[in-house]
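Take a look at the structure below.
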Amino acid sequence: MPQQLDLLLINPGAREQVYGNLGLSLSGIEPPLWCGLIAGYIRDKGYSVKIIDAEAENLSPLQTARKISELKPTLAGIIVLGSNPSASSTPKMTAAGETLKELQRIDPQIKSLLGGLHPSALPERTLADEEVSFVCQGEGFHTILKLLELLKSGKDCQDYPIDGLWYKRNGVIHSNPPAEPVKNLDELPFVAWDLLPMEKYRAHNWHCFNNLRARDHYAVIYTSLGCPFNCNYCNIHALYGKPGIRFRSPEKVIEEIDLLVNTYGIKNIKIIDELFVLNEARVRKICELIIQRGYSLNIWAYARVDTVHESLMRTMKQAGINWLAFGIESASDDVREGMTKRFSQDTIKNAIRISQNAGINIMGNFIFGLPDDSQETMQETLDLAKELNLDFINFYTAMAYPGSKLYFEAIQNQIPLPEHWHGFAQYGEETLPMPTKYLSAAEVLRFRDRAFTEYLNNPEYQKMIREKFGEDVEQHIKEMLKHKIHRKFA
């Protein structure tokens with residue numbers, strides 16, 4: 001008789017709800033890093049583990065629940081945490097909740113757990129609202145391990161409390177103190193890449209403007225966890241408990257890159273760190289190790305405009321870091337100041353100049369509808385984006401993501417929030433952003449969609465794209481413009 005599976009981890013499928021029709025071809029399909037990390041950690045402790053990536057496999061909640069029921073794990077853990085933590089975690093909750101409802105209907109005996117960023121931000125509400133046995137608050141490594149030990153021993157979590165674990169008993173919610181984050185990241189095993197459908201993943205379209213036909217062979221890695229900054233619109237600290245950053249050693253990072261390149265033929269990599277370009281010596285060391293190996297990689301990473309230096313950019317480019325994503329957010333000093341982004345337009349332009357001089361492409365992240373935004377300041381932001389003429393842009397709307405300061409302010413001030421969790425997605429039909437002091441949510445959403453079209457339609461932008469990447473990418477941009485986002489609230 002086969003041994004019972006100990007832990008089944010699930011990345012809930014929400015591609016259509018999060019990306020709308022953009023999810024069919026334009027958006028990336030990214031490996032669920034946290035499912036893979038937890039799987040590697042639990043397996044290393046001697047337990048049997050499998051992963052269902054319902055997003056990559058494009059499985060419905062019912063199909064996912066049936067697969068869970070077939071495998072009959074001791075614990076089924078749904079991890080609600082995307083590769084862009086703020087923007088792609090809460091929107092997954094609708095699919096996670098629907099999966100749990102189907103599982104409860106099909107096989108109510110299976111113990112279930114919700115973990116990740118959203119459940120960590122709202123553990124009590126998550127436990128009250130969803131048909132789930134347990135909620136994990138925090139990273140989950142120690143909490144899930146201890147819970148598995150308890151479930152397999154038949155002991156009761158009321159008698160053996162576990163840090164980070166929330167559960168219900170006779171309708172009463174019980175909680176425990178948060179678990180301490182892992183201090184030494186080098187002690188964590190690699191992501192359990194062998195448990196993931198590696199052939200299913202693809203890079204974002206802009207990441208491969210140099211070769212749009214080579215978006216496969218894609219992976220994400222981390223070189224640090226956490227962030228030392230505290231931007232009002234970000235909720236990442238709900239996962240870690242407080243601002244702060246922990247680093248992997250460059251040697252450990254390159255070991256995992258070696259594995260990805262040599263075992264899985266990976267060519268395209270996203271460095272998932274909230275802020276990769278922070279510690280210059282460490283970044284330089286990672287890049288030098290990649291350069292020594294002669295890998296031909298296409299990498300992108302996040303950076304702040306006030307942390308870049310000329311010589312470092314040249315080394316990064318040589319290592320294959322072809323794209324940097326900068327959080328520019330707004331053209332208005334006052335609007336940025338309100339979000340604790342304290343840098344000037346001169347700093348922004350200097351960082352872009354330095355990076356582009358090194359041959360690095362720039363993805364600019366902008367946010368419309370921040371609390372102090374007006375039609376005038378949003379227009380200034382669009383004008384700045386067009387002046388910078390960056391290789392690609394993300395135009396977001398300000399969202400009160402659960403766990404962020406904006407969320408708590410919205411609750412306190414009774415600001416309307418999306419009715420469903422997938423309404424927190426940026427590109428969905430039910431997207432409902434924050435209103436500002438001067439604008440309604442509908443006005444913000446309409447401006448964002450118009451601005452995106454205007455940016456990509458700009459003759460100067462299309463000319464730059466044609467000269468830099470070729471006519472096929474220019475045509476690809478024009479095809480993108482045919483994808484209209486259907487909006488319920490615009």
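Do we find that Ala95 is within 23 Å of Gly138 (Cβ to Cβ), touching a residue at least 12 places away in the same chain (Cβ under 8 Å) and surrounded by fewer than 24 Cβ atoms within 10 Å (Cβ to Cβ) in this structure?
Judged against the criteria, Ala95 is not a match.
Quick one: which of Phe209, Phe247, Phe190 is at pLDDT 95 or above and under 20 Å from Tyr47 (Cβ atoms)?
Being at pLDDT 95 or above and under 20 Å from Tyr47 (Cβ atoms) holds for just one of Phe209, Phe247, Phe190, which is Phe190.
Which one of Thr377, Thr347 is in contact with a helix residue (DSSP H, G or I) (Cβ under 7 Å, 6 or more places away or on another chain), β-branched (Val, Ile, Thr) and over 15 Å from Asn322 (Cα atoms)?
Just a single option satisfies the conditions, and that option is Thr377.
With respect to Gln426, determine if the residue is without any contact (Cβ under 8 Å) to a residue 12 or more places away in the chain and under 30 Å from Met93 (Cβ atoms).
Against the criterion (without any contact (Cβ under 8 Å) to a residue 12 or more places away in the chain and under 30 Å from Met93 (Cβ atoms)), Gln426 does not qualify.
Checking Asn84 against (1) outside any helix (DSSP H, G or I); (2) on the phi < 0 side of the Ramachandran plot; (3) in contact (Cβ under 8 Å) with a residue 12 or more places away in the chain: exactly one of these is not met. Which one?
If we test Asn84 against (1) outside any helix (DSSP H, G or I); (2) on the phi < 0 side of the Ramachandran plot; (3) in contact (Cβ under 8 Å) with a residue 12 or more places away in the chain, just (3) comes out false.
Among the residues of region 209-223, is any assigned to a helix (DSSP H, G or I) and surrounded by fewer than 22 Cβ atoms within 10 Å (Cβ to Cβ)?
Looking through region 209-223, none of the residues is assigned to a helix (DSSP H, G or I) and surrounded by fewer than 22 Cβ atoms within 10 Å (Cβ to Cβ).
Please count how many residues of region 314-361 are within 22 Å of Ala451 (Cα to Cα), at pLDDT 95 or above and of a type in the set (S, T, N, Q).
Adding up the residues that qualify gives 1.
I need the full set of residues from region 268-308 which are crowded, with 17+ Cβ neighbours inside 10 Å, of a type in the set (D, E, K, R) and touching an Asp or Glu at 6+ places or on another chain (Cβ under 8 Å), in order please.
Lys270 - this is the single residue of region 268-308 that is crowded, with 17+ Cβ neighbours inside 10 Å, of a type in the set (D, E, K, R) and touching an Asp or Glu at 6+ places or on another chain (Cβ under 8 Å).
When you scan region 144-158, how many residues do you find that are in a loop (DSSP other than H, G, I, E, B) and hydrophobic (A, V, I, L, M, F, W, C)?
Residues flagged as in a loop (DSSP other than H, G, I, E, B) and hydrophobic (A, V, I, L, M, F, W, C) within region 144-158 amount to 1.
Mind checking which pairs have a first residue in region 40-54 that is crowded, with 18+ Cβ neighbours inside 10 Å and a second that is acidic (Asp, Glu), Cβ under 8 Å, 6 or more apart or different chains?
That search, which allows pairs on different chains as well, returns Ile42/Asp6; Tyr47/Asp6; Val49/Asp6.
Could you check region 120-143 and list, in sequence order, the residues that are assigned to a loop (DSSP other than H, G, I, E, B) and on the phi < 0 side of the Ramachandran plot?
Here is the first cut: in region 120-143, the residues assigned to a loop (DSSP other than H, G, I, E, B) are 122, 130-133, 137-140.
Hits for region 120-143 are Leu122, Glu130, Glu131, Val132, Ser133, Gln137, Glu139.
Quick check, is Glu460 farther than 12 Å from Phe368 by Cβ, part of a helix (DSSP H, G or I) and in contact with a Lys or Arg (Cβ under 8 Å, 6 or more places away or on another chain)? Walk me through it before giving the result.
Details: farther than 12 Å from Phe368 by Cβ: yes; part of a helix (DSSP H, G or I): yes; in contact with a Lys or Arg (Cβ under 8 Å, 6 or more places away or on another chain): yes.
Against the criterion (farther than 12 Å from Phe368 by Cβ, part of a helix (DSSP H, G or I) and in contact with a Lys or Arg (Cβ under 8 Å, 6 or more places away or on another chain)), Glu460 qualifies.
Exactly one of these conditions fails for Ile162: (1) β-branched (Val, Ile, Thr); (2) under 22 Å from the mean Cα position of the chain (by Cα); (3) in the same structural domain as Ile52 (by TED's automatic domain parsing). Give me its number.
Of the numbered conditions (1) β-branched (Val, Ile, Thr); (2) under 22 Å from the mean Cα position of the chain (by Cα); (3) in the same structural domain as Ile52 (by TED's automatic domain parsing), the odd one out for Ile162 is (2).
So Glu199 fits all but one of (1) closer than 25 Å to Glu30 by Cα; (2) assigned to a loop (DSSP other than H, G, I, E, B); (3) in contact (Cβ under 8 Å) with a residue 12 or more places away in the chain; (4) of a type outside the set (A, V, I, L, M, F, W, C); what number is the exception?
The number of the failed condition is (2).
Any idea how many residues of region 331-384 are crowded, with 18+ Cβ neighbours inside 10 Å and within 14 Å of Phe447 (Cα to Cα)?
Summing the residues that are crowded, with 18+ Cβ neighbours inside 10 Å and within 14 Å of Phe447 (Cα to Cα) in region 331-384 gives 10.
So, of the residues in region 59-89 that are closer than 26 Å to Thr397 by Cβ and either of a type outside the set (Ser, Thr, Tyr) or at pLDDT 95 or above (or both), which turns out to be nearest to the chain's Cα centre (by Cα)?
So, considering only residues that are closer than 26 Å to Thr397 by Cβ and either of a type outside the set (Ser, Thr, Tyr) or at pLDDT 95 or above (or both), the one nearest to the chain's Cα centre (by Cα) is Asn84.
The values are calculated or read from the model by the stated rules, or taken from the named source; none is laboratory data. A quick note: this is a predicted structure, and the numbers were derived from the prediction, not measured. Cβ sites come from the backbone with ideal geometry, for glycine too, and all protein chains shown count toward neighbours.
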